[in-house]
Amino acid sequence: MMHSRATVPQEILLPVKPAFIVATLIAALLANLLPWSGWWLWLRPDFVALIVLYWCIEEPRTLGFTAAWLLGLLMDVADGSLFGQHALAYSILAYAGIVLHRRVQRFSVTPQMLHVIPLLLLNDIIVLLIRMLTGSDFPGYQYFIGSFIGGALWPVISILLKLPQRPTPDPDHA
Amino acid sequence: MEHQAPPFFKTGPTPLTRLLIFAFVSLALLVTDARFKYLDTLRQIAAVIVYPLQRIASAPASIARRAGDFFVTHSSLRNENARLVQKSLASAALLQQFESVRAENAQLRALLGAREKVAVKSLLAEVLYAARDPFSRKIVVDKGSRQEVTGGQPVIDQFGVIGQVTRVYPWLSEVTLITEKDHLVPVLNVRNGLRAVLAGTGTDGALELRFVPLNADFQNGDRLVTSGIDGVYPPGLPVAEISNVERSAAFLFARITCKPLAGVNANLHVLIVSAERQIPQRPPEEEKPARRKKTRKGG
């Protein structure tokens, strides 16, 4: 009996260039820093969390805790929030990504989403807990919409970020 | 006892160990930041790193806005010009009165020996982005310590107070809006001079007056201005209008809801006001007199 994962053809990709990872992380930071407001703010997924998770799953050896943690610090400064809350959330996210990477990589894109959404929710819940412990009110359930949208963006991101690693077809063997 | 073989590849500490290390450092940072406020230098450094990104991220919106400004029609410009001329005439009359009143006021104050000096300087700042954080009501503006902005300065728009500078970075500063939860502004009711404390509720467009006795004379539609007793906000800036007064004998205090007058989160430009006031020195803490035992008379 064929297992579902056997039907997913495994591509052989080129190794990722570290510069590309850095570029995507900067792009994610930029996307987070866009002037979101009103309803868009609720709909906004945490792009940095999404990209950190992606690289932790795809390249657990390259992107690790240090990068996730530093990005968290930068997000804390940009948001003007308490130091360390995003740093903590992203470290835990990176841990989850690194621990689960073998499992998640086995799945095709749609079941991967089912792994990604809970992880992004976990990220949100950590930030929420810290905020509520330091005296904020519960902002309402729309706070979690962003994670689902982030999960919905996962297929797009996994296609886009794999593009540069696709080997160019060799003209001699065409 | 089972012996575990040494690993073939050295990969450093396990993920769990690393997680524990980073989580511990983050928690330490959190506690330090929340309790002791020692981390300003670290925050400044990180702010300088993020600054270019922040500017790039807010560039498309501000370019679009400027392009929109460029393509205005002739008639709308003429209308606006006519309106402004009219307004400037109207305010010129007021200004002349103001000049004489100010001179008179200064003279009277000199007579009284009061040392109230309100030299208001202001700095126009552009709002880079508004609260990206659903928990807090803050905006980030494009003037910082390089432009001599300091923490605690009030920020206003053309209608009234919108908030207060709470964090200053080299080229940016963070303004906490008056709608931020538990942000307090001491105010004065214009109609009768009653003082109260206005607090943010954390939701847009709603403020509440705290600790107002049930019988205090506050009515719907009363305008509240800053009273200036805190030494932060200069006195007389409009803040809010009372929108609902609810008195119930079940509570100690009246529930008074207000609406901010300024477009608290609908501005492109704001003024950072620096009110240089000479506030009399806080009197030194008096030593608590040793409690005298009450002498009871009679049973």
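The values are calculated or read from the model by the stated rules, or taken from the named source; none is laboratory data. Given the structure is predicted, the values throughout are model-derived calculations rather than measurements. In this analysis, Cβ positions are derived from the backbone assuming ideal geometry, glycine residues included, and neighbour counts consider all displayed protein chains.
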### Query
Is one or more of the residues making up the range B:75-83 part of a helix (DSSP H, G or I), modelled with pLDDT under 90 and under 28 Å from the mean Cα position of the chain (by Cα)?
no
### Query
Mind checking which residues of the range B:6-58 are over 37 Å from the mean Cα position of the chain (by Cα) and at positive phi?
B:Gly12
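Please determine whether any residue of the range B:32-53 is of a type in the set (D, E, K, R), assigned to a helix (DSSP H, G or I), surrounded by 15 or more Cβ atoms within 10 Å (Cβ to Cβ) and modelled with pLDDT of 85 or more. Give the derivation first.
Of all residues in the range B:32-53, those of a type in the set (D, E, K, R) come to B:33, B:35, B:37, B:40, B:43.
Subsequent filtering for residues that are assigned to a helix (DSSP H, G or I) retains B:33, B:35, B:40, B:43.
Keeping just the survivors that are surrounded by 15 or more Cβ atoms within 10 Å (Cβ to Cβ) gives B:33, B:43.
Narrowing further to those that are modelled with pLDDT of 85 or more: none.
Checking the range B:32-53: not a single residue is of a type in the set (D, E, K, R), assigned to a helix (DSSP H, G or I), surrounded by 15 or more Cβ atoms within 10 Å (Cβ to Cβ) and modelled with pLDDT of 85 or more.
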### Task
State yes or no: is B:Arg65 touching a residue at least 24 places away in the same chain (Cβ under 8 Å), surrounded by 10 or more Cβ atoms within 10 Å (Cβ to Cβ), in a helix (DSSP H, G or I) and not assigned by TED's automatic domain parsing to the domain that holds B:Leu128?
yes
### Message
Would you confirm whether or not the range A:31-44 contains a residue that is out of contact with any helix residue (DSSP H, G or I) (no Cβ under 8 Å at 6 or more places or on another chain) and among the charged types (D, E, K, R)?
### Response
no
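Please enumerate the residues belonging to the range A:132-145 that are in contact with a helix residue (DSSP H, G or I) (Cβ under 7 Å, 6 or more places away or on another chain) and surrounded by 13 or more Cβ atoms within 10 Å (Cβ to Cβ).
Taking the range A:132-145 and keeping what is in contact with a helix residue (DSSP H, G or I) (Cβ under 7 Å, 6 or more places away or on another chain), we get A:134, A:138, A:142-145.
Those that are in contact with a helix residue (DSSP H, G or I) (Cβ under 7 Å, 6 or more places away or on another chain) and surrounded by 13 or more Cβ atoms within 10 Å (Cβ to Cβ): A:Thr134, A:Tyr143, A:Phe144, A:Ile145.
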### Task
Taking only the range A:78-91 into account, find how many residues are buried (at least 24 other Cβ atoms within 10 Å of the Cβ), of a type in the set (A, V, I, L, M) and facing chain B (nearest Cβ under 7 Å).
3
### Summary
(1) of a type in the set (Phe, Trp, Tyr); (2) loosely packed, with under 15 Cβ neighbours inside 10 Å; (3) at the interface with chain A (Cβ under 8 Å from one of its Cβ atoms) all hold for B:Phe24 apart from (3)
### Query
If you check B:Thr179 against the conditions, is it of a type in the set (Val, Ile, Thr) and closer than 30 Å to A:Trp39 by Cβ?
yes
### Query
Looking only at the range B:217-234, which residues are more than 18 Å from B:Asp157 (Cβ to Cβ) and of a type outside the set (Val, Ile, Thr)?
B:Asp217, B:Phe218, B:Gln219, B:Asn220, B:Gly221, B:Asp222, B:Ser227, B:Gly228, B:Asp230, B:Gly231
### Task
Check A:Ala23 against each of (1) at pLDDT 90 or above; (2) within 11 Å of another protein chain (Cβ to nearest Cβ); (3) surrounded by fewer than 17 Cβ atoms within 10 Å (Cβ to Cβ); (4) within 25 Å of A:Pro167 (Cα to Cα) and name the one condition it does not meet.
(2)
### Task
Any residue in the range B:160-187 that's closer than 16 Å to B:Asp40 by Cα: show its pairings with residues that are among the basic types (Lys, Arg) at Cβ separation under 6 Å, as long as the two are six or more apart or on different chains.
B:Pro170/B:Arg146; B:Trp171/B:Arg146; B:Glu174/B:Lys138; B:Glu174/B:Arg167
### Query
Across the range B:202-229, what is the number of residues that are within 24 Å of A:Ser136 (Cβ to Cβ) and touching a strand residue (DSSP E or B) at 6+ places or on another chain (Cβ under 7 Å)?
7
### Query
Of all helices (runs of 4 or more DSSP H) completely enclosed by the range A:82-165, which ones contain at least 3 residues that are in contact (Cβ under 8 Å) with a residue 60 or more places away in the chain?
A:109-133, A:145-160
